[in-house]
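The values are calculated or read from the model by the stated rules, or taken from the named source; none is laboratory data. Computed from a predicted structure; not experimentally measured. Quick reminder, even Gly has a Cβ in these numbers, built from the backbone with ideal geometry, and neighbours come from all protein chains shown. The protein model used for the area step is the full one, side chains on, heavy atoms only, and it has no ligands, DNA or RNA in it. Shrake-Rupley method; radii C 1.70, N 1.55, O 1.52, S 1.80 Å.
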Amino acid sequence: MAALCEAFTLCGLGPTGGVGLGSGLLALEPGADPDHVLLTDRGRTATLFKVSDQKPLGCWSVKHGQIITCPVVCNFETHEYIAVHDNKVLRIWKDKDVNLDKVFKATLSAEVYRIHSLPHAEPLVLFRGGGVRTLDVLLEAPQQEIENVISDELKTIFFLSLCKYKLEQQELSNPLCFTAYIKKQIITLLCLYSSNSVYKVLIPLQQNSEEEEQTLSKSLLLNLSISGSVLKGTSFVVLDKDHVAVLGSLAASECLTIWNTKFQTLQASKELPLGTSGQLWCYGEKFFFTHGKVLTVVIYKCETSSLAAAVGKLKDSQTSDLSSFVNWNTLGDEELLVSCQSQQSVALKSESKMMVILKPMPCTSELHGISHFQDASTAAVEDELRQLLSKAQRPDFQAAIGCVISALINRCKADPMFYPRNFLVQMIQKRELSYSLCPDLMAVALEKKDVHLLQICLQRFPDIPEEITYACLKVFLSISDDYLERTDVDLESVISYIDIEPNNKEVKTEVVENGFSTELEEDGCDVTGMKETHMMDSVEFCPVGPQKAALLNAVLHSAYSETFLLPHLKDLPAQQAVLFLRYLHYLYVKCSEKINTTLPGVLSPTISQIMDWMCLLLDAHFTVMVMLPEAKRLLSSMHKFVRAQVRFYSELNKIEGSLQELQRIKCQKDSQAYSIEVLELI
Amino acid sequence: MGEFEVHRVRFFGLVPAGVRCMAYQHRGCRLALARTDGAVEVYNFAANYFMEKAIPGHQARSVEALCWAAGERLFGAGLSGDITEYDLERLRPARTVDGFGGPIWSMAANNDGTRLAIGCEDGSVKLFQVVPGGVQFEKNLDRQKGRVLCLSWHPSGTHLAAGSINFIRVLDVRSGRTAQRIMVNYHVPKSKKRECVVWSIAFLSSGTVISSDSFGRVQFWDWERGTLQDSHTVSTSAVLSLAVSEEEDSIVVGTSAGATYQFQLLPVKAGGQEKRWVRTKPFQHHTHDVRAVVHTPTALISGGLDAQLVIRPLMEKVQKKGYDAVLRKFTFPHRRLVSCARKARLLLFQFSQHLELWRLGSTNKTGKDGEVLPVSRMPEHLLQLKSKGPEHIYCSCVSPCGSWIAYSTASRFHLYRVQHEGDSISVKKVPGVPKLLLPAYQLQCASDSGRLFVASDRGSVHVVQLLEPGGCKHLHTLRPPTGTREAVYLLASSADGNWLAAVSGDWEVHIYSLKHFKHHCTVPTYSCAVTALAIHPATNNLFISYSDQQLFEFSIPEKQYTAWSRMVQNSGLHKLWLERDSPITHIAFNPKNTSQILLHDVYMLCVLDKSLPLPDNNTLLVNQSTLKQLSEPARRRQLHAFKICKKFQPLLFADLLDERCLVTVERPAVDISAELPPPVQQKKFGT
């Protein structure tokens, strides 16, 4: 959990560094020591502070009339300070220098926008026109020509490599603030929009294409809203892989907030009644921002958050790799990259590779032919993924798979040609997935009418919402048997009781199921059309093809709650409802044939599942069933069958005592010291 | 596949002896267990709790206490007054030393296993040093009246706690003096005062002495002050046994009502420093006295007079869902006590001190699956052979023709010639049996009844020729080329009389050629114990089952695993098969169908059909009842190699008499409990 500690004041600010946008400081940069910061105000002064002592260590200012235009940074390699004043004049000095006029000076040919300094790297100078030079290259020839890269009409972003990307235009909102970090060859760009959402954009670094601008798609990372009220962010920083801090205003007052992007929750907030300049910096677990007339420092704590920590079941993560149970400690996708230090190398590589694959493939149509590409890419992706999966065997792999599948599905949604079906089937069959782990998977499968995938999902997922179950049922009932015959459906649940070969239909002369025979039961009311009825409602033949039966069995097999299913079931078209009911009737009769009222085979529906669905369907469509002429016959046949069953069981009840006696005799026989029995092994 | 006529035998009146005491060796993950008849068994927890060694009992050698000391040496002491060291390679007592204190009631080894303390009938506690080649008397500690029923060393080895009737003593080991004497029945009102027997005691490194007594109390004492810290009454009957975990934060006690309880040292407040002993988990796995408990790092083990050994895993300590995470109960030995004369249809039952020979009945009817056929001739008890002397029987066998019976005790080997003349039967002891190195650990008759193979120590097997009308001759002794110290415990001979396979205690399987009396080859070493093996009569493939439930088939002529065996290893056996409880104890073959193999353990018998595909983890393993409901074409799709029948339980033996006739020997638990003394009466509400 993240927490904000007590604030303290670092220093007071002059008249320029006040509250409100446009005022405040020019920038705050880290100093050579982790405890040092370099403050550059909007005037002529730069100050070096030691944060823990709350005191300045040094202060430098340019001459009157000059103005520092670019934040002072520290070159971590040489412990020198670099500043630019009046846009073009570069100054470099050391700690012991007092007067800025006497230090190294270089006048450049173009206006400098920023200088970026990183540990173990030469500082980079970014020009206002978009050109970038490292400091040493620049100092060799200060007057060199700097190219203009940025054109004004596009919103473009630069990174350290000179690639150009075009961001998807967002309607009605503008980006307010960007921040980015690099992780394993991928730039993650986080972008705060004026719609109060933080978006995440992934940009691969190794990009060898010299084509035109690429459009980057972005994904919503966080929505800044606190139960109705909207936080108007002006500035934000990334704290770690799943925390961001936002400085912004909530209704009237401004506040500093820490958000968890994984759980989308507000972790900590601090009201800043005196107002801020909208700038926020964060170095070494400390926030720096202007609050009223002072520069305030707030120390924060930000621990890796996990569901386990939240519910108080956090165990020592060292032991977690022993466990083969689902590890809640490391559930989450980005977390894989950082938290599992021990297995980092493999994991990191695979993860980053995956990301490369999963990002939308650019310029597909231009590069390749139209039809050829789809196959190639899907197969290639499947191949790649399979390799990755075979390599990485880790206990928390489950969670990663969920993320991979979600990513794949997102891609499927974006690109209708892309559908790695075999891979998805394999994943669902091999791993213990659930609906909630990849919620959009079934929706996409429904859209594509991929009945086999749906069947597997229904069989394996424990938590499918009733709405989706219904949607599956509807799709299954609407697809024609002819079409299904050509598709690959798992027939395991039906082969045991439906004869698959269609020509193999021998009509039995008389069927007596648990004491009931359709012929023997006489009921005078529907003599007319008896023959047709027999053909139509005959329970000897399955009213649907084996493929459809297998799919319907999968629906019967899935868990549901009546209350939630019933409203959906009411929407089922009458014809389909009748067909389904006929199939259920068929199953019911089939079940009753056996003494133990179970259907043989694996995953075949139980009698209670059949009965429950029957009742549910009748409840949902009662009026329609009563009205439909073809349903009438079915209903009467069912009624007769049920009545016969009831009668049969009541008779059984009467002889219960005798049956028990038989049972007792059998037990007695069992206790004999010796017997010769017949055992059949099949 | 077909129908079998099953001779369902339930007249094998085996009553396994109760568990008397246990000792766990942490380093080797082995549990030594002594039964009330003096038998000692060693279970290897690393090999799926397989009963690796068994030393048969002795009438005069009761074992009251077992200790592992000096690494892997096992010592026992009993009411005979001797300390016995067991030879776990030759499976017999190696040497005994008299304690000179009358019957020994208790024995404890100190932490580093260098000293043994014994508690005697005369009230003395004696120290023995464990030296190479035995134990040596060191000294007597302070003697007081009353037998010493339990002993426990302080982990530092400086003090000993001894429990007697009515009091506990703490003895200083160096001076030999009594440092503290605690009366345990002090708080009992005078009118009710009766003897309070301290049954078990434990000395913790913190100085706490835990005692369990006949009043049903578990008490925690501060030994230096002699004060009672805590007392829990767990039962109205006696608390007989007590064991402490290595971390000393958990104890387990067993009561005479068959219940076991776990106590844990838990902080009074979450996160607080102050800790108290709290009774946490009650278990009721036994019907009778729990005489022995052991606390391993991951499980509570209890053994009772109802002969059951129960291993109850502590789920909070088990990280992985696997073989160790399941409750295990063992009642029967992992050995075969029945041998069968297939041709003569005789069964030989081995009891601890006698043998019974039975002839199976017959029927002249046939029937459908599940039917009980009328018995036209009842089974007949032909013979009872009582072993003379106090020694228990190691092994026995009857020849396939039924005319030879052999058995061995620790020091004697007996061979009998049985003559069947019509309905009458006569037995003649074969004179002049060769002087073999005894005991024999396993006996096996060749299929033509012409030879007897006698498993002996140091990996050797003696071949004895059986001569008509009643004689025998020692032909040869087969020895492994590399030499081993372990005794042979399983034998299998081929039907053509050419091959013999022998398994020694180091799990090496050696194959000998009987034509040339020569070592033929060795099966590649596998890291688990062999539980059964047999040679196929037609192909001469050796079929081996291991205690981790793996099955291997090794071609003797080709000296390599068969293609089928490789296929099994590649595709893996079904998950449920590997998770089974008890090891396969017997393998037999269908004489008419070379692809069918009969295997059985205590809970199932299985006909393995090698011609059918192996089941994968998604298919139903035990699918016979499902198959019976299916139509013929649907059946064919569902068939797999394992045809498992769980109808006969608990199954001690199963064999194929011919291709259509099976014999099963069951021992229902009800029948055993009927022969046990009545348990402690417990008042049940409403009775």
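Please return the ranges of helices (runs of 4 or more DSSP H) entirely within segment B:583-687 where 2 or more residues are within 30 Å of the chain's Cα centre (by Cα).
Ranges flagged: B:669-675.
Taking the condition within 11 Å of another protein chain (Cβ to nearest Cβ) and either free of Cβ contacts under 8 Å to residues at least 12 places away in the same chain or open to solvent by 20 Å² or more (accessible area, probe 1.4 Å) (or both), does A:K666 pass?
yes
Taking the conditions exactly as written (of a type in the set (D, E), within 14 Å of another protein chain (Cβ to nearest Cβ) and within 18 Å of A:C542 (Cβ to Cβ)), does A:E593 satisfy them or not?
Yes; evaluated as a whole, the condition is true for this residue.
Check whether at least one residue in segment A:385-395 is surrounded by fewer than 16 Cβ atoms within 10 Å (Cβ to Cβ) and at pLDDT 70 or above, and report yes or no.
Within segment A:385-395 (the criterion being surrounded by fewer than 16 Cβ atoms within 10 Å (Cβ to Cβ) and at pLDDT 70 or above), the answer is no, since none of the residues qualifies.
Residues checked against (1) in contact with a helix residue (DSSP H, G or I) (Cβ under 9 Å, 6 or more places away or on another chain); (2) closer than 28 Å to B:Y512 by Cβ:
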site	(1), (2)
B:I587	no, yes
B:N590	no, yes
B:L598	no, yes
B:D609	no, no
B:L630	yes, no
B:Q638	yes, no
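Would it be correct to say that A:I676 is within 14 Å of chain B (Cβ to nearest Cβ) and touching a His at 6+ places or on another chain (Cβ under 8 Å)?
yes
Which numbered condition trips up B:V40, out of (1) within 14 Å of chain A (Cβ to nearest Cβ); (2) within 28 Å of B:L357 (Cα to Cα)?
(1)
Given the conditions (1) under 19 Å from B:S241 (Cα atoms); (2) in contact with a strand residue (DSSP E or B) (Cβ under 7 Å, 6 or more places away or on another chain), report the number of the one that B:F137 does not fulfil.
Of the numbered conditions (1) under 19 Å from B:S241 (Cα atoms); (2) in contact with a strand residue (DSSP E or B) (Cβ under 7 Å, 6 or more places away or on another chain), the odd one out for B:F137 is (1).
Inspect segment B:381-399 for any residue being within 14 Å of another protein chain (Cβ to nearest Cβ) and at pLDDT 90 or above and give the result as yes or no.
So far as segment B:381-399 goes, yes, one or more of its residues are within 14 Å of another protein chain (Cβ to nearest Cβ) and at pLDDT 90 or above.
I'd like the full set of residues that are within 14 Å of chain A (Cβ to nearest Cβ), hydrophobic (A, V, I, L, M, F, W, C) and more than 20 Å from B:Q419 (Cα to Cα), limited to segment B:350-380.
Pass one, segment B:350-380, residues within 14 Å of chain A (Cβ to nearest Cβ): B:356, B:358-380.
Within this subset, residues satisfying the condition of being hydrophobic (A, V, I, L, M, F, W, C) are B:358, B:360, B:372-373, B:375, B:378.
Scanning segment B:350-380 gives B:V372, B:L373, B:V375, B:M378.
Conditions (1) under 29 Å from B:D324 (Cβ atoms); (2) away from chain A (no Cβ under 11 Å), marked per residue:
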{"site": "B:A588", "(1), (2)": "no, yes"}
{"site": "B:P591", "(1), (2)": "no, yes"}
{"site": "B:V602", "(1), (2)": "yes, yes"}
{"site": "B:P613", "(1), (2)": "no, yes"}
{"site": "B:T619", "(1), (2)": "yes, no"}
{"site": "B:E632", "(1), (2)": "no, no"}
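What about A:L90, is it open to solvent by less than 10 Å² (accessible area, probe 1.4 Å), touching a helix residue (DSSP H, G or I) at 6+ places or on another chain (Cβ under 9 Å), of a type outside the set (S, T, Y) and outside the structural domain of A:I299 (by the TED database)? Full working, then the answer.
Numbers: open to solvent by less than 10 Å² (accessible area, probe 1.4 Å): yes; touching a helix residue (DSSP H, G or I) at 6+ places or on another chain (Cβ under 9 Å): yes; of a type outside the set (S, T, Y): yes; outside the structural domain of A:I299 (by the TED database): yes.
Considered against the rule, which asks whether it is open to solvent by less than 10 Å² (accessible area, probe 1.4 Å), touching a helix residue (DSSP H, G or I) at 6+ places or on another chain (Cβ under 9 Å), of a type outside the set (S, T, Y) and outside the structural domain of A:I299 (by the TED database), A:L90 comes out as yes.
Report the residue count in segment B:634-646 for those that are touching a strand residue (DSSP E or B) at 6+ places or on another chain (Cβ under 7 Å) and facing another protein chain (nearest Cβ under 7 Å).
Residues flagged as touching a strand residue (DSSP E or B) at 6+ places or on another chain (Cβ under 7 Å) and facing another protein chain (nearest Cβ under 7 Å) within segment B:634-646 amount to 2.
If A:L57 satisfies every condition in (1) of a type outside the set (S, T, Y); (2) open to solvent by 30 Å² or more (accessible area, probe 1.4 Å); (3) within 22 Å of A:F8 (Cβ to Cβ); (4) in contact (Cβ under 8 Å) with a residue 40 or more places away in the chain but one, which is the exception?
The one condition A:L57 does not meet is (4).
Would you tally the residues in segment B:413-430 being surrounded by fewer than 15 Cβ atoms within 10 Å (Cβ to Cβ) and either at pLDDT 90 or above or of a type outside the set (D, E, K, R) (or both)?
Summing the residues that are surrounded by fewer than 15 Cβ atoms within 10 Å (Cβ to Cβ) and either at pLDDT 90 or above or of a type outside the set (D, E, K, R) (or both) in segment B:413-430 gives 7.
Please tell me if A:V602 is open to solvent by 30 Å² or more (accessible area, probe 1.4 Å), closer than 25 Å to A:D481 by Cα and either in contact with a Phe, Trp or Tyr (Cβ under 8 Å, 6 or more places away or on another chain) or outside any helix (DSSP H, G or I) (or both).
In short, yes.
Could you pull out every one of the strands (runs of 3 or more DSSP E) wholly within segment B:502-541 that has 3 or more residues that are open to solvent by 10 Å² or more (accessible area, probe 1.4 Å) and over 29 Å from B:L337 (Cβ atoms)?
B:518-523
For residues in segment B:1-13 being surrounded by 20 or more Cβ atoms within 10 Å (Cβ to Cβ) and in contact with a Phe, Trp or Tyr (Cβ under 9 Å, 6 or more places away or on another chain), which is farthest from the other protein chains (Cβ to nearest Cβ)?
Only one residue fits best here, namely B:F12.
Can you name every one of the strands (runs of 3 or more DSSP E) wholly within segment A:1-46 that holds 2 or more residues which are open to solvent by 30 Å² or more (accessible area, probe 1.4 Å), modelled with pLDDT under 80 and in contact with a strand residue (DSSP E or B) (Cβ under 6 Å, 6 or more places away or on another chain)?
A:2-12
Filter segment B:15-38 down to the residues that are outside any strand (DSSP E or B) and within 17 Å of B:M107 (Cα to Cα) and list them by number.
B:T36, B:G38
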